[in-house]
Amino acid sequence: MDKKIRLVIADDHSMFLEGLKVLIEKEDHIDIVGTAKDGLGVLDLIKSTPIDIVITDLSMPNMDGLVLNKNIKSKYPKTKTIVVSTHSDSEMVMQLIKNDVDGYLLKNADPKELFLAISTVFEGDKYFSQEVKDKFMTTMFSDKKKTQVPILTKREKEIIRLITAEFTTSEIATQLHISDHTVNSHRKNLLSKLDVKNTAGLVKYALKHDLG
């Protein structure tokens, strides 16, 4: 492989992040451009330098892997995304596939599989571990055709409950002991994750799916 793969790793668990970095740095054909603890950090890196692949966890503060993948695919379509997570939940798999994720494997994967995923995705193909593929197939052929509702964090559920109850941004911030800015960041993430345009749409979605 002539060209070096320019890669970013995002994970809020320092031990896993550093371990993955050390493992990947041994490969001469891969250049780790940077690391981040959340999706916002990844987007800051992509703004300043072209990135070939982002390896990301799902559960992260400020902006999780679901929202990060959607942002990358919308703003930087040439950048590939690989989710490496402990979760193999079928709803998460479906949500990521819907938003064109390029790869998905579990954190207990063998290093050889990780490097296979990186090379496969870099060359323009998709890569999903066998367990993830099994989850996807089970969901696709299930007789239960229920609407897939994105996975929300505990804090996002608190925010959406208070929004639905007609609390203002400042009132939500006071109630949860966080800043107005943090509330607005969660609101933006919820709009993106639930694919609605405004707060009215957010409330309507929450009531329809019993999220409030």
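The values are calculated or read from the model by the stated rules, or taken from the named source; none is laboratory data. The shown structure was predicted, so the numbers you read here are calculated from the model rather than taken from an experiment. No Cβ is skipped: glycine too gets one built from the backbone with ideal geometry, and neighbour counts run over all protein chains shown.
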Scan the stretch 80-102 for residues that are in contact with a strand residue (DSSP E or B) (Cβ under 6 Å, 6 or more places away or on another chain) and closer than 14 Å to residue 9 by Cα and report the count.
-> 5
For the stretch 1-21, name all the residues that are of a type outside the set (D, E, K, R), closer than 13 Å to residue 114 by Cβ and part of a helix (DSSP H, G or I).
-> 16, 19, 20
Hey, among the residues in the stretch 105-154 that are among the charged types (D, E, K, R) and at pLDDT 90 or above, which one's farthest from residue 90 (Cα to Cα)?
-> 123
Determine the pairs where a residue that is touching a residue at least 60 places away in the same chain (Cβ under 8 Å), located within the stretch 181-203, has a partner that is of a type in the set (Lys, Arg) and in a helix (DSSP H, G or I) with Cβ atoms under 9 Å apart, the partner being 6 or more residues away or on another chain.
-> 192/70; 193/70
Across the stretch 21-73, what is the number of residues that are of a type in the set (Ser, Thr, Tyr) and either on the phi > 0 side of the Ramachandran plot or surrounded by fewer than 17 Cβ atoms within 10 Å (Cβ to Cβ) (or both)?
-> 3
Here are some conditions: (1) hydrophobic (A, V, I, L, M, F, W, C); (2) crowded, with 22+ Cβ neighbours inside 10 Å; (3) in contact with a strand residue (DSSP E or B) (Cβ under 8 Å, 6 or more places away or on another chain). Residue 106 meets all but one. Which one does it not meet?
-> (2)
